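Encoded as structure tokens, the structure appears first; notes follow it.
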Amino acid sequence: SIRIGQIAMVVASVVTLIFAVVNPPSIYWIMLLGGAIAACSWMPVAIASIFSKRVTKTGAFLGMLSGFLSCFLLKLYSSIKQVTLPFYLDPGMVGIVCNTIALIIASALTQVSPEEKVAYQNLFVMPAQEKKSVEINKTLRWSKATILVGVTVMVMMIVFWIIPYYQGLMKK
């Protein structure tokens with residue numbers, strides 16, 4: 001299943017690259033909509049699932065659903081009406097708040113099942129095959145590479161997007 005996920009990421013990346021090359025202005029809106037909706041849908045649930053033993057399947061589902069719907073509907077409304085929402089109604093922030101509220105309420109109203117307890121406990125068990133020093137070193141190398149890629153992307157965004165954007169604003 002990991003291989004399928006990797007293939008799906010490559011396909012999604014290629015499709016995004018094609019959109020960026022064929023119609024550059026639309027990639028910003030695709031990224032903005034997709035990124036905000038994805039974050040609203042899973043971020044609070046992902047964090048709560050690691051740090052709380054009380055998160056239930058129902059709570060996670062309703063949290064993700066409410067985060068997705070609230071962000072999507074606010075984005076849709078602001079796009080259709082072509083209005084700029086006030087900062088406190090930012091669709092991403094509203095989605096995260098709605099996700100968190102639904103997650104808390106639904107988890108409080110339902111019980112953690114024995115299967116969910118076992119799944120939570122298994123999150124913190126390291127598989128035997130990952131205890132090998134070769135695998136640990138491989139993970140550390142990829143972690144360092146990820147940091148390097150993150151810093152590189154940040155520098156490229158500053159140099160090739162933010163600075164030219166502000167230079168363009170200064171010329172107006």
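The values are calculated or read from the model by the stated rules, or taken from the named source; none is laboratory data. For clarity, every value in this text was computed on a predicted model and none was experimentally measured. Glycine gets a Cβ as well: all are built from the backbone with ideal geometry, and neighbour counts include every protein chain shown. SASA here: full protein model, heavy atoms, side chains in, ligands and nucleic acids out. Shrake-Rupley method; radii C 1.70, N 1.55, O 1.52, S 1.80 Å.
Accessible area per residue for the stretch 14-132 is 70 Å², calculated with a 1.4 Å probe on protein heavy atoms, without ligands, DNA or RNA. In this rough spin-label picture, where each label sits 7 Å from Cα along the Cβ direction, the LEU73-MET9 distance is 3.3 nm. The length gained on full extension between ILE158 and ALA38, counted as 0.36 nm times the residue separation minus their Cα-Cα distance, comes to 40.8 nm. Here the translational diffusion coefficient of the stretch 1-99 follows from Stokes-Einstein with Rh set to the Kirkwood radius across Cα pairs; for 20 °C and 1.002 mPa s it amounts to 142 µm²/s.
For the stretch 38-59, backbone nitrogen atoms closer than 15 Å to the point 7 Å from TYR120 Cα along Cα-to-C-beta are found at 45-59. Where only DSSP H runs of four or more residues are counted, the chain gives -27000 deg cm²/dmol as its mean residue ellipticity at 222 nm, each run worth -39500 (n - 2.57). Heavy-atom surface analysis with a 1.4 Å probe gives the chain a carbon and sulfur content of 74 percent of its accessible area. Listed as lacking a disulfide-compatible partner in the chain: CYS98, by the criterion of no other cysteine Cβ under 4.7 Å.
With θ taken as phi - 60° and the Karplus curve 6.51 cos²θ - 1.76 cosθ + 1.60 applied, the whole-hertz 3J(HN,Hα) list for the stretch 30-41 is 5, 5, 4, 5, x, x, 5, 5, 5, 5, 5, 6 Hz, x standing for glycine and proline.
Considering the zone a paramagnetic label at TYR166 would reach in this model (a point 7 Å from Cα along the Cα-to-Cβ line), which residues of the stretch 121-152 have amide N under 20 Å from it? Within reach of a label on TYR166: 151-152.
Since only ALA145, LEU89, PHE51 are under comparison, the one whose Cα sits farthest along the positive direction of the charge dipole of the chain, derived from C-beta charges on Lys, Arg, Asp and Glu, is ALA145. Relative to the Cα centre, the charge distribution of the chain, modelled as +1 at Lys and Arg Cβ and -1 at Asp and Glu Cβ, gives a dipole magnitude of about 280 debye. Volume of the convex hull of the stretch 52-155 (Cα atoms only), normalised per residue: 152 Å³.
If R0 equals 25 Å, the separation of the Cβ atoms of MET31 and PHE61 corresponds to a calculated FRET efficiency of about 0.45. Diffusion of the stretch 95-172 by Stokes-Einstein, at 4 °C in a medium of 1.567 mPa s and with Rh set to the Kirkwood radius over alpha-carbon pairs, works out to 72 µm²/s. Excluding same-chain pairs closer than 8 in sequence, count the lysine pairs in the chain whose Cα atoms lie under 22 Å apart. So the count works out to 4.
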